[in-house]
Structures are given as C-alpha cells and as structure tokens.
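The values are calculated or read from the model by the stated rules, or taken from the named source; none is laboratory data. What you see is a predicted model; the values in this text were computed from it and never measured. Here the Cβ positions follow ideal geometry from the backbone for every residue, glycine too, while neighbour counts run over all protein chains shown. SASA here: full protein model, heavy atoms, side chains in, ligands and nucleic acids out. Shrake-Rupley method; radii C 1.70, N 1.55, O 1.52, S 1.80 Å.
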Amino acid sequence: MPGIVLIGAQWGDEGKGKATDLIGTKVDYVARFNGGNNAGHTVVVGNESYALHLLPSGIISPTATPVIGNGVVVDPEVLFEEIDGLQSRGIDCSRLLVSESAQVIAPYHRTIDKVSERFAGKKKIGTTGRGIGPAYADKINRVGIRVSDLFHEEVLRDKVENSLRQKNQMLVKLYNRRAVDVDRTVDELLALGERLRPYAANTSLVLNKALDEGKTVLFEGGQATMLDIDHGTYPFVTSSNPTSGGACTGTGVGPTKINRVIGVSKAYVTRVGEGPFPTELFDEWGTWLREQGHEYGVTTGRPRRCGWFDAVVNRYAVQVNGLTDIVLTKLDVLTGLEQIPLCVAYDVDGERYDDMPVDQTAFDIAKPIYETMPGWTEDISQIHDFDDLPANCKAYVRRLEELSGCRISVIGTGPQRDHIIQIHSLVD
Ligand code: GDP
Ligand code: IMO
Ligand code: MG
C-alpha cells in the first residue's frame, strides 16, 4: 500500500494533523502537495501541542522524511521561523526536503493579499492574509518565482523586476501604497535562498524512487475539498487543489501510484472566512459547538463558524476525491446533546437536492433538510473499541457512514494521540 493521500473532506480544520500523526510512524515519507502557511495543523503529543503551518505533520515522526512538494507555495521566512521553533523544542527538521520547483511567497505577495482584501470590502474572501492567492496567481500568470530561482542571482533579479513592474503600478496607483524596492527584495530572497539550499531537492524523483522501492508515502493535504479552487464553493475558496488529484500534480507522482485516499471529516462542520455554509448555526447551538470543540483558528485565531454534520458535503467529498476511508474526528464534542440534527439533503427553492448543487447561486440559497438522531451522555474519550461506544453513538456513526457512502475507519474521541478508535487500519 505505498501511496496514501489524506485530505480534508469539509471546509478545513477537520483534524488532518492528528490523522497524519496517527500514521506518521508507519510511513517513510510525508509530503505536503498544496497550499502554504494558510494551513494550521495541530498535533498533540502528551503535554506538547504543535501547530504546523507549512511543514508536513510528519515532521513530528522521527522515522518519516518530510517533503514540501512542487504544488506548495513556500514563504521561506515562515519556513525558517517554523523550523527554528520546532528545533528549539527538540524536533529534528534536518531531514526536510523542499521541491526546487515549488513557488515562493515573496513579501509583496503578503502585501497584495492584505490590500486587495481591504479593497474588496464587503466582497472580501476572508483570506488568511499569508499571500497564498497572489503567489498562485503569479504561478498561473507565469511570473512566479520558484525555489531554484533563489540560487541564481541574475535570474532572480530579472524575475523580480518583471513581476514588480506591473505590481508597483498597481500598489501605487490603485491601492495608494509605496512601491516595492527591487534591490531590497532580491537581497532578502537571496539570503533566504542561501539558507534554503541544503533542503532543496528534486522531490518528484525522490518520491517516485521511494515508491518504486516499495516505501510508503503519505500525501498530506492542506485546506479541504470545499475550499478547492475547482470543486469548492468558488469564489470563496483557496487558490489551490486540496482534493486528492492535487496530490499528483502537487508532487509529480502519477495516479497509478496512489492506492488509498483518506478523507478527514468532523462529526459536525466548521468554516473560517466568508462564503456559503448551509448548516451554519447562528443560535446558541453554534456557540455551544464552538466552545465544546474549541473552534478557534490555528493560523489566524478567528472564531470558526459552526454547524451540524452535512452529509451532502461528505457524499460530494467521497465522489470528487474517490475516498476509500473516512477518519471521523471530534465525535466526543457531541457528547451531552439530547438530539443531534444531521443534514441529509438540501431544499433549493422548493426542490430537493440529494447531491451537491454545483451552481453556486443554488448552493448559496440551499436550506438543509435535517434528520434527527438521539444523542448520548457517556464520556467516550477512553473508549478504544467501536463496540463499547454507547448505542446511540454507534447508530450516529453508522448513519453518517451510510449517508456518506464510504466506510469510517477511524474515530477521533479527543485531541490526544491515543484518543482514537481504530476500526480498519489505514496503512495495510
Ligand atoms: P487540521 O487543520 O485539519 O489539521 O485541523 P486543526 O488542527 O486546525 O483543528 C483540529 C483541532 O481539533 C485541533 O485543535 C486538534 O487538536 C483537535 N482534534 C483533532 N481530533 C480531535 C478529536 O477527535 N477530538 C477532539 N476533541 N479534538 C480533536
Ligand atoms: P487547514 O489546512 C480552514 C480559508 C480562509 C479563507 C479561504 C481563502 O488548517 O485546514 P487563503 O488564505 O487560503 O487565500 O484563504 O480559505 N482557509 C482555511 N480554512 N482551514 C485551513 O487550512 C484554511 N486555509 C485557508 O479562511 O476563507
Ligand atoms: Mg487547521
């Protein structure tokens, strides 16, 4: 089972970091394939909690080689802050490999992200402000800077000059900001490049060789299905492909090497930033879920919008990612509810939708059609066998499985490594 993809099945923050950590010791490589430091993945080990943004969660497993693939946008300043932070806590980051063809987030990408959001006013996306969208826009516009460009001063200067020619006009004339200095930017990027050089590698070659030798590679997604630039709630999405296909383009590994696709879903749903969210709760139950689940962003600290489990979203995630397994997290958070509503379909202007309306105008007005399941009150955080769960809890899980159309292989019952119920192995 050498190629395993792990992605978010909802709007992010499903617990991908914990799920990756769960199998981190059983795999040889953990590769990030999309996004950048907009991600915030939490791994809790004993009393230590690690918030990872750019580094793959596999960095915590001493036996796995962490890889940043070509599909990632790398802010080298943030990368070194993260490496320094982890090294000071005794986590060895020397094994890290960064793709030579990954795109670089330059300081001006962060500036443009922030000023364009401010300029958009009510039409803003609610981005993380990390420069992700502007860096990917440059990639697609073919004016981006790749990691390998940082090692060639003349090439870098030429590219920065070319990229800033238009941006400086925009910054000054449209956004009323100071122009970005080319020389200063080049000097900063060269210095960061010097530090980045030992980590730079042809990661596509490394991963393909590893897979050919029968080693196991875990492809860890940032963000999630509903934030996908193609398959998510466009335009309220991120600027990459967090769906499983992104694992191939984002690392240079072919789809024939992928044997398994794991989707991580919360037992309810959260969303950060703007955009439609049919099961969102605006009443005291939304607050209840936020407080019980500690739903505050790892990257920006923003309170997460909360709502009941949405089976339409999950079915859609099973479809567009080709999921083989679901990791259902935060089931413990629902403990204590008398009744648990779960969304089985949408009502769009009087018409029932069992499948995701791809027309965003329809999705925007979709009203959830709920089914209600009885809750449970027993603490489930110490349970390790599915059969030992309270009967109503088991029934809730089985119903989610049935509605999603994919088996639930692991259940999260708390933030710790051992807060887990393993029904099927994720690596065999
Ligand atoms: P990610 O972005 O998908 O990696 O998820 P985040 O780390 O942003 O958010 C998930 C949060 O839920 C983190 O604080 C985790 O420690 C926590 N968490 C993960 N799984 C569980 C679980 O099964 N139960 C509880 N109570 N917390 C969990
Ligand atoms: P993880 O990996 C939740 C959201 C932002 C915003 C939109 C676009 O921790 O699940 P961007 O900065 O990417 O241009 O913002 O995407 N977003 C996330 N929401 N979890 C994340 O990552 C996210 N990364 C981006 O809030 O709505
Ligand atoms: Mg997160």
*With label points built 7 Å along Cα→Cβ from the Cα atoms of ALA395 and LYS123, find their separation and express it in nm.*
5.0 nm
*Could you work out how far the C-alpha centroid of the stretch 330-349 sits from that of the stretch 367-428, in angstrom?*
13 Å
*asked:* Show me, for the stretch 346-357, the HN-Hα J-couplings you get by feeding each phi into the Karplus relation (A = 6.51, B = -1.76, C = 1.60, θ = phi - 60°), rounded to Hz, glycine and proline as x.
replied: 10, 10, 10, 6, x, 9, 7, 10, 8, 10, 4, x
*Any idea how far the Cα center of the stretch 269-317 sits from the one of the stretch 5-84, in Å?*
22 Å
*asked:* If you take every DSSP beta bridge fully contained in the chain, what fraction is antiparallel? Give it as a percent rounded to 5.
replied: 45 percent
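From the square roots a ≥ b ≥ c of the eigenvalues of the alpha-carbon gyration tensor of the stretch 263-422, which class results: rounded (a/c under 1.5), prolate (a/b over b/c), or oblate? Walk me through the numbers on the way to the answer.
Details: a/c = 1.59, a/b = 1.34, b/c = 1.18.
In terms of gyration-tensor shape, prolate.
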*Can you give me the Cα centroid spacing of the stretch 189-217 and the stretch 96-117 in angstrom?*
19 Å
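Which order do the peptides 118-126, 166-174, 324-332 take when ranked by the mean count of other beta-carbon atoms within 10 Å per residue, highest first? Walk me through the intermediate numbers first.
Numbers: 118-126: 11.7, 166-174: 14.1, 324-332: 24.3.
Averaged packing, sorted descending, gives the order 324-332, 166-174, 118-126.
Semi-axes of the equivalent ellipsoid of the chain: what are they in whole Å, largest first, if each equals the square root of 5 times a C-alpha gyration tensor eigenvalue? Working shown, then result.
Values: eigenvalues 261, 134, 68 Å².
After diagonalising the Cα gyration tensor, the semi-axes are 36, 26, 18 Å.
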*Highest-MSF residue in the chain out of VAL320, VAL269, VAL43 [GNM, Cα springs under 10 Å]*: VAL320
*Regarding the stretch 1-143, what whole-number volume in Å³ per residue does the convex hull of its Cα atoms give?*
132 Å³
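Sort the following peptides by mean Cβ neighbour count (other Cβ atoms within 10 Å, averaged over residues), highest first: 279-289, 63-73. If you can, show how the numbers build up before the last one.
Details: 279-289: 15.9, 63-73: 25.0.
Packing order, densest peptide first, comes out as 63-73, 279-289.
Using a simple charge model, +1 on the beta-carbon of Lys and Arg, -1 on the beta-carbon of Asp and Glu, nothing else, what dipole does the chain show about its Cα centre, in debye to the nearest 20?
Numbers: 45 positive and 57 negative charges, 233 e Å.
That gives the chain a dipole magnitude of about 1120 debye.
Counting only heavy atoms of the protein chains, get the accessible area per residue of the chain (1.4 Å probe) and round it to a whole Å² value. Don't skip to the end; give the middle numbers.
Numbers: 17540 Å² over 428 residues.
Heavy-atom SASA per residue in the chain reads 41 Å².
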*Got a sec to turn the phi values of the stretch 380-397 into Karplus ³J(HN,Hα) couplings, 6.51 cos²θ - 1.76 cosθ + 1.60 with θ = phi - 60°, whole Hz, x for Gly and Pro?*
9, 5, 9, 8, 10, 10, 3, 5, 7, 5, x, 4, 5, 5, 4, 5, 4, 4
*Give the relative contact order (percent, whole number) for the chain; include only Cα pairs under 8 Å separated by 6+ residues.*
20 percent
*Using θ = phi - 60° and the Karplus curve 6.51 cos²θ - 1.76 cosθ + 1.60, what whole-Hz ³J(HN,Hα) does each residue of the stretch 224-235 get, with Gly and Pro shown as x?*
6, 3, 7, 9, 5, 4, 9, 9, x, 8, 4, x
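If the limit is 32 Å between Cα atoms, which of LYS26/LYS139; LYS123/LYS266; LYS123/LYS367; LYS124/LYS159; LYS215/LYS394; LYS123/LYS173 go over it?
LYS26/LYS139; LYS215/LYS394
How do the peptides 84-90, 228-234 rank, highest first, by the average count of neighbouring beta carbon atoms within 10 Å per residue?
Values: 84-90: 11.3, 228-234: 19.4.
With the highest mean Cβ count within 10 Å placed first, the list reads 228-234, 84-90.
For the stretch 289-347, what is the per residue volume of the convex hull drawn over the alpha-carbon atoms, in cubic angstrom?
On the way: hull volume 7.8 nm³, N = 59.
Roughly 131 Å³ of hull volume per residue.
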*asked:* Between ASN162, ASN141, ASN208, where does the largest GNM mean-square fluctuation fall for the chain, given springs only between Cα atoms within less than 10 Å?
replied: ASN141
*Amide H to amide H, which residues 5 or more places from TYR296 or on other chains are under 5 Å from it, using H placed in the peptide plane?*
ARG304
